[in-house]
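Since the structure comes first, as structure tokens, the remarks are kept for the end.
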Amino acid sequence: MNKIPNSKIFFLGAGKMGAILVKNIVDYFNNYENITILKPSKTNAIKGLKYISDVSQIEKNYQADIVFITIKPQGSRAILSEFAKQNIFHKGTIFISILAGKKI
């Protein structure tokens, strides 16, 4: 747990469930600068966090330490396929999914 405050955390989606996770991580670790959220709309947005609306906006050479997959199951195949092409993971990246009914 000691590594989490310094980890680069990436959220793929942040609707109702994802926003709760984001808020709790921010509140617990008081960490804003290492969180990036890919979310097309700004609903449920938390001030001070970095939101991007498209995978093309991911910083060059970005490597996530932890990835939360918090998108809805419908349409997830296309989103995950595009996301996987971005090469933002490293050998030790941890993936946490709350994507119901889907294998990653």
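Between the C-alpha center of segment 5-48 and that of segment 56-83 there is a gap of 14 Å. For the chain, the 222 nm mean residue ellipticity estimated from helices alone, with every DSSP H stretch of n ≥ 4 adding -39500 (n - 2.57) and the total spread over all residues, rounds to -7000 deg cm²/dmol. Between residue 100 and residue 61, the modelled label-to-label distance comes to 4.2 nm, taking each label 7 Å out from Cα in the direction of the beta carbon. The phi-based Karplus calculation (6.51 cos²θ - 1.76 cosθ + 1.60; θ = phi - 60°) puts the 3J(HN,Hα) values of segment 67-77 at 10, 9, 9, 10, 9, 7, x, 5, x, 5, 4 Hz, whole numbers, x for Gly and Pro. Based on the alpha-carbon gyration tensor of the chain and its eigenvalue square roots a ≥ b ≥ c, which shape applies: rounded if a/c is under 1.5, prolate if not and a/b is larger than b/c, or oblate? Rounded, because the longest to shortest axis ratio a/c is under 1.5.
Using the Cβ-Cβ distance between residue 86 and residue 26 with R0 set to 30 Å, the FRET efficiency from 1/(1 + (r/R0)^6) comes to roughly 0.80. Summing +1 for each Lys or Arg and -1 for each Asp or Glu among the other residues whose beta-carbon sits under 14 angstrom from that of residue 50 gives +1.
With a 1.4 Å probe and every protein chain kept in, tell me what percent of the accessible surface of the chain is carbon plus sulfur.
Here it works out to 55 percent.
Put simply, the amide H of residue 68, placed in the peptide plane, has neighbours under 5 Å in 10, 11, 12, 96, leaving out anything fewer than 5 places away on its chain.
The values are calculated or read from the model by the stated rules, or taken from the named source; none is laboratory data. Small disclaimer: the values here were computed from a predicted structure and weren't measured. So basically every Cβ, Gly included, is an ideal-geometry build from the backbone, and we count neighbours across all protein chains shown. Only protein heavy atoms, including side chains, enter the accessible area calculation; ligands, DNA and RNA are left aside. Shrake-Rupley method; radii C 1.70, N 1.55, O 1.52, S 1.80 Å.
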